[in-house]
Amino acid sequence: LWRAPGGKLTANVTRFAELCGFRHVPWSPAGFSGDELPSEKYPADQLIKSQLRDIRDGDILLWHLGIWSRKEPLYPHLEKLIIGLKARGLCFARITEHPKWKR
């Protein structure tokens, strides 16, 4: 499994990856953490609030361990998101546990 940087795909990239045995797994729009966005315009609390509102069952989340360009890193707020999603009755699984992505 792999994820295209920035989600940018072309027919050739997909074909070459498949020839090497890789399948592309995209993230869900609601699952994009926004951790690459400037913290001055997109503070962590705002990004967490948006994800808590928008994430649905089956969404694939994308979080980086840290983006150096953000003045306020988002990853320290991951626990807030996990607690909030669990409070909504959602749970977490590895992508490889999803029927669509199993081999």
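The values are calculated or read from the model by the stated rules, or taken from the named source; none is laboratory data. These numbers come from a predicted model, not from an experiment. When we count neighbours, we look across all protein chains shown, and the Cβ atoms used for this are built from the backbone with ideal geometry, even at glycine. Ligands, DNA and RNA are excluded from the accessible area calculation, which covers all protein heavy atoms including side chains. Shrake-Rupley method; radii C 1.70, N 1.55, O 1.52, S 1.80 Å.
Could you please let me know if GLN46 is modelled with pLDDT of 95 or more, outside any loop (DSSP other than H, G, I, E, B) and either farther than 26 Å from ILE83 by Cβ or within 12 Å of the chain's Cα centre (by Cα) (or both)? No: the conditions fail for GLN46.
For the range 1-24, a tally of residues being basic (Lys, Arg) and open to solvent by less than 80 Å² (accessible area, probe 1.4 Å) returns 1. Can you pull out every residue in the range 28-39 that is in a loop (DSSP other than H, G, I, E, B) and open to solvent by 90 Å² or more (accessible area, probe 1.4 Å)? Within the range 28-39, GLU36 is the sole residue that qualifies.
Answer yes if at least one residue in the range 40-60 is surrounded by 10 or more Cβ atoms within 10 Å (Cβ to Cβ), within 23 Å of ARG3 (Cα to Cα) and in contact with an Asp or Glu (Cβ under 8 Å, 6 or more places away or on another chain), and no otherwise. Yes, the conditions are met somewhere in the range 40-60.
Under the condition of being surrounded by 11 or more Cβ atoms within 10 Å (Cβ to Cβ) and of a type in the set (Gly, Ala, Ser), which residue from the range 61-97 is farthest from TRP2 (Cα to Cα)? Only one residue fits best here, namely GLY84.
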